[in-house]
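The values are calculated or read from the model by the stated rules, or taken from the named source; none is laboratory data. None of the values given here were measured: they were computed from a predicted structure. A quick note on method: Cβ atoms are made from the backbone with ideal geometry, for glycine too, and the neighbour counts reach across all protein chains shown.
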Amino acid sequence: MMKHRSRSRNDADTRPDHQNQLGLERLIFFSDAVFAIAITLLALEIRLPETEELLDNAELASQLSGMWHEYLAYIISFLVIGTFWMAHHRKYRYIKRYDDRLMFLNLLLLMVIAFIPFPSSIISKYPDRSATIFYALTMASTGFLIAGIWWYATYNNRLTDPDLDARRRRDQFIAPLLTSAIFLFSIGIAFFSPNLSRLSWLLILLASFYANNRT
């Protein structure tokens, strides 16, 4: 009888940790699914212009080669979403607990991630300043949200281990801010050259490389 009571007491002590881990895993799995769907939708936005008649070989080749804006938008958005997913993945390696506020912040992030295919479709069709700025603002807000999630989780070790070192905490906070800074910087360039502004987004790869080598 005493053994049974002791076992029940131990189960009650460990159940909160088990439930917390299960809830955190569900949050991560749901986030991964949204990231995957957003990336998949990018490819669905690439379409040939509709015509009443079938194109012959020369016309099809011309149409396909003339869609380089669509290809470029897909590549940029795929890499950026992938970078955001990597940042999300790295941070949740250190987040050990969750609460309602973290879930809400994470939901806001996923809302923007799911929205990305729309500005991506815009820049694939309109190579002008307005489309470039609209896209950059969307991406910059995503980086700020990721940084906000990390700040909330690590403030006074709210949702992370107390032994998380200060350098790792700082680097994980700075990395998404670098991405946002690049997009905000590109907005200023867009007023002079939208094409050069989009080219500056390649700097995000360097920012991602920096983050990968610091964590």
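What the table shows:
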| item | result |
| --- | --- |
| Residue list for segment 120-130, restricted to those being closer than 18 Å to Leu184 by Cβ and surrounded by 21 or more Cβ atoms within 10 Å (Cβ to Cβ) | Ile123 |
| Of all residues making up segment 1-53, the number that are of a type in the set (A, V, I, L, M), outside any helix (DSSP H, G or I) and modelled with pLDDT under 70 | 2 |
| Residue list for segment 70-88, filter: surrounded by fewer than 18 Cβ atoms within 10 Å (Cβ to Cβ) and either closer than 16 Å to Gly23 by Cα or among the hydrophobic types (A, V, I, L, M, F, W, C) (or both) | Leu72, Ile75, Phe78, Leu79, Met86 |
| Test: residue in segment 142-150 that is under 17 Å from Phe78 (Cβ atoms) and in a helix (DSSP H, G or I) | yes |
| Some residue of segment 96-106 being in a helix (DSSP H, G or I), surrounded by 21 or more Cβ atoms within 10 Å (Cβ to Cβ), in contact with a helix residue (DSSP H, G or I) (Cβ under 9 Å, 6 or more places away or on another chain) and not polar (S, T, N, Q) | no |
| Of all residues making up segment 151-188, the number that are of a type in the set (Lys, Arg) and in a loop (DSSP other than H, G, I, E, B) | 1 |
| Tally, over segment 70-129, of residues that are aromatic (Phe, Trp, Tyr), under 29 Å from Asn157 (Cα atoms) and at pLDDT below 95 | 5 |
| Flag for Ile189 being in contact (Cβ under 8 Å) with a residue 12 or more places away in the chain and within 30 Å of Tyr74 (Cβ to Cβ) | no |
| Residue match in segment 132-145 (condition: buried (at least 18 other Cβ atoms within 10 Å of the Cβ), in contact with a strand residue (DSSP E or B) (Cβ under 8 Å, 6 or more places away or on another chain), of a type in the set (A, V, I, L, M) and touching a residue at least 40 places away in the same chain (Cβ under 8 Å)) | no |
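For every residue, the table says whether it meets (1) loosely packed, with under 15 Cβ neighbours inside 10 Å; (2) within 15 Å of Leu79 (Cβ to Cβ).
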position	(1), (2)
Thr154	no, no
Asp163	yes, no
Leu202	yes, yes
Ser208	no, yes
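Yes/no matrix, rows are residues, columns are (1) under 16 Å from the mean Cα position of the chain (by Cα); (2) of a type outside the set (Val, Ile, Thr):
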{"position": "Tyr71", "(1), (2)": "no, yes"}
{"position": "Val80", "(1), (2)": "yes, no"}
{"position": "Met103", "(1), (2)": "yes, yes"}
{"position": "Leu109", "(1), (2)": "yes, yes"}
{"position": "Phe115", "(1), (2)": "yes, yes"}
{"position": "Ala131", "(1), (2)": "no, yes"}
{"position": "Tyr135", "(1), (2)": "yes, yes"}
{"position": "Trp150", "(1), (2)": "yes, yes"}
